[in-house]
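Peer 1: This structure is in structure tokens; I'll ask about it shortly.
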Amino acid sequence: MLLHLFFSLFVFLTLIDNGNAGVTSSFIRSEFPAVDIPLENEVFAVPKGYNAPQQVHITQGDYEGKAVIVSWVTPDKPGSSEVRYGLSKGKYDFTAKGSFTNYTFYTYKSGYIHKCFLNGLQYDTKYYYEIGNGDSARNFWFETPPKVDPDASYTFGIIGDLGQTYNSLSTLQHYMNSGAKSVLFVGDLSYADRYKYHDVGVRWDSWGRFVELSTAYQPWIWNTGNHEIEYMPYMGEVTMFKSYLYRYPTPYQASNSTSPLWYSIRRASAHIIVLSTYSPFVKYTPQWKWLREEFKNVDREKTPWLIVLMHVPIYNSNIAHFMEGESMRSVFEAWFIEHKVDVIFAGHVHAYERSYRISNIHFNISSGDPYPVPDETAPVYITVGDGGNKEGLAARFRDPQPDYSAFRESSYGHSTLEIKNRTHAFYHWNRNDDGKKVKIDSCVLHNLYWGQNHQQRKSNQYRLRSLILNRASTAQL
């Protein structure tokens, strides 16, 4: 009986990593209307008190996880850029001073956008913090990650293409009950670019208040998508990513990046690389040069899990945005395999899809296999562009389902990645099924570096033991 159970488990895990029986879900979502929530709804409520801080959000502030960047907006006047924080609620033993700025977008003028850097934090610790003054002061908390360590367990949430609809609200609420500690966000935040003129800025503000229930308490690791570009020459706005760059700082300098749009961090047992699909990335560009150097900084003995975030998926079997990621695939896929990237998360396609471990690095236009093939050294590619934005679902997949596609469904939801140790992680995709969080797709991820190295070490130990025994036998003769 035990042997039969072991064999069944072996077959199951083998299918997860190398399977060829993909599933296209037949589930049809009875969805909320794909329209933005009206501005007067309580989810966009302005905090009480004159000039009270709003749109509060935090992100990791350094390379190793011992700092955070706290950001917020004061609508009427600058006020204080100070953060008071400590280890007990209401008892703030430390103070950090930040700075503020603002910007205009057509006729819209932003509030005063504050940024404050808190460093020297202890690992695995809960901090309480306060911003604002007097009756308008507001209080929050956050938890720092465990120390960077190969066996540090940690749970990430993964969200993409969120927007501010009722479907977006469902995704956000379900995520907040997931038990995850931090969000890996794969781009397309507010969808404010679906509006015009003054309303673009207004919808950035509403989105900041909308997500504050999570972003003020957990670091969201940001990435951009096409809806952050906001190239609008008819309004005289031609600076790409303008609103995003003013509002959502990233710790890019900590990883020697020259742009806030691409950077990396270490968190617990993971090394996370954020790439910008809509910035130049071909050979010799700044992003290409940075990634080449950053891969050299990855130490799998300390951070065994290597995760990449991008917006446009490079493997996608949906009709929507089909092959839009091909250019980035041709530039970076060989690097992903060479450096044993474990998993790549993307958004853009408003549906869910998970691949098997596959690659397409042998085709060079004139020769080689032009089709993706099973590859145990390749990443798993996961598309989670299903946050719930106003553009609705991408409901049409290509038929037949390609061999590399393990599971796909056109529904809203979010994912979690629960890292257990240096060798195994549990992955789940959770569907928002008419107001319920339903786990639909899941798998066990085997770490590419430690899994292969463990087998190699066992083999080396066996050969060494055999050599010693052979020499001992020879000596006795």
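Peer 1: With a 1.4 Å probe and all protein chains kept in place, how do 338, 333 rank by accessible area, largest first?
Peer 2: Largest to smallest exposure gives the sequence 338, 333.
Peer 1: I would also like to ask the following. Starting from the Kirkwood Rh over alpha-carbon pairs, what translational D in µm² s⁻¹ does the chain have by Stokes-Einstein at 10 °C and 1.306 mPa s?
Peer 2: For the chosen part, D equals 67 µm²/s.
Peer 1: Another question, if that's okay. In nm, to one decimal, how far is the residue 217 label point from the residue 202 one, both placed 7 Å along Cα→Cβ?
Peer 2: 3.0
Peer 1: With unit charges on the beta carbon (Lys/Arg positive, Asp/Glu negative), name the residue among 57, 322, 407 whose Cα is farthest towards the positive pole of the charge dipole of the chain.
Peer 2: Final value for the positive-end residue is 57.
Peer 1: So what is the relative contact order of region 226-344, in percent, for Cα pairs below 8 Å that sit 6 or more residues apart?
Peer 2: This gives 18 percent for region 226-344.
Peer 1: So for region 41-122, averaging the separation of alpha carbon pairs under 8 Å that are six or more residues apart and normalising by length, what relative contact order in percent results?
Peer 2: Across region 41-122, relative contact order equals 30 percent.
Peer 1: With a 1.4 Å probe and all protein chains in place, put 209, 292 in order of accessible area, largest first.
Peer 2: Largest accessible area first, the list is 292, 209.
Peer 1: Please express the Cα-Cα pair-distance distribution P(r) of region 38-88 as a list of whole percents, one per 5 Å bin, running from 0 to the bin with the greatest distance.
Peer 2: Cα pair-distance distribution for region 38-88, in percent: 5, 15, 19, 22, 17, 12, 7, 3, 0.
Peer 1: Keeping all protein chains in the complex and leaving out DNA, RNA and ligands, what accessible area do you get for residue 104 with a 1.4 Å probe, in Å² to the nearest 10?
Peer 2: Residue 104 has an accessible surface of roughly 70 Å² with all protein chains in place.
Peer 1: Expressed as a rounded percentage, what relative contact order does region 171-223 have, with Cα pairs under 8 Å and six or more residues apart?
Peer 2: 51 percent.
Peer 1: Would you check the accessible area of residue 267, probe 1.4 Å, heavy atoms only, in square angstrom rounded to 10?
Peer 2: Rounded to the nearest 10, that gives 10 Å².
Peer 1: Also, quick follow-up: May I ask you to rank 357, 398, 266 by accessible area, largest first, using a 1.4 Å probe over the protein chains only?
Peer 2: So the residues, ranked largest to smallest area, are 398, 266, 357.
Peer 1: Could you state the accessible area per residue of region 368-409 in Å², with a 1.4 Å probe and every protein chain left in place?
Peer 2: 44
Peer 1: Another question about this same structure. Expressed as cubic angstrom per residue, what is the convex hull volume of the alpha carbon set of region 56-190?
Peer 2: Expressed per residue, the convex hull around the Cα atoms of region 56-190 is 147 Å³.
Peer 1: A further question on this structure: Nearest 10 degrees is fine. How inclined is helix 326-338 to the longest principal axis of the chain, computing both from alpha carbons?
Peer 2: 50
Peer 1: Something else now. Helix 198-215 sits at what angle to the longest principal axis of the chain, using alpha carbons and giving 0 to 90 degrees rounded to 10?
Peer 2: Once rounded, the angle reads 60 degrees.
Peer 1: What is the percent carbon and sulfur in the accessible area of region 350-391, measuring with a 1.4 Å probe over the protein chains and ignoring ligands?
Peer 2: Result for region 350-391: 55 percent of the exposed heavy-atom area is carbon or sulfur.
Peer 1: Let me ask something additional. Per-residue ellipticity at 222 nm for the chain, helices alone: DSSP H runs ≥ 4 residues times -39500 (n - 2.57), over residue total, nearest 500 deg cm²/dmol?
Peer 2: -7500 deg cm²/dmol
Peer 1: To the nearest whole percent, what portion of all C-alpha pairs in region 143-211 is separated by more than 18 angstrom?
Peer 2: It works out to 49 percent of all Cα pairs.
Peer 1: With a cut-off of at most 11 other beta carbons within 10 Å, and DSSP calling the residue loop, which trypsin sites (Lys or Arg not before Pro) in region 75-151 qualify? Please list them.
Peer 2: Of the trypsin sites (Lys or Arg not before Pro), the ones in loops of region 75-151 whose Cβ has at most 11 other Cβ atoms within 10 Å are 89.
Peer 1: Report the accessible area of residue 331, computed with a 1.4 Å probe over the heavy atoms of all protein chains in place, in Å² rounded to the nearest 10.
Peer 2: 40
Peer 1: At R0 = 45 Å, how high is the FRET efficiency between residue 99 and residue 335 if r is their beta carbon distance? Nearest 0.05 is fine.
Peer 2: So the FRET efficiency works out to roughly 0.80.
Peer 1: Need one number: convex hull volume per residue for region 186-258, Cα atoms only, in Å³.
Peer 2: That works out to 95 Å³ per residue.
The values are calculated or read from the model by the stated rules, or taken from the named source; none is laboratory data. What you see is a predicted model; the values in this text were computed from it and never measured. FYI the Cβ positions are ideal-geometry reconstructions off the backbone, even for glycines, and counts take in every protein chain you see. What goes into the accessible areas is simple: the full protein's heavy atoms, side chains included, and nothing from ligands, DNA or RNA. Shrake-Rupley method; radii C 1.70, N 1.55, O 1.52, S 1.80 Å.
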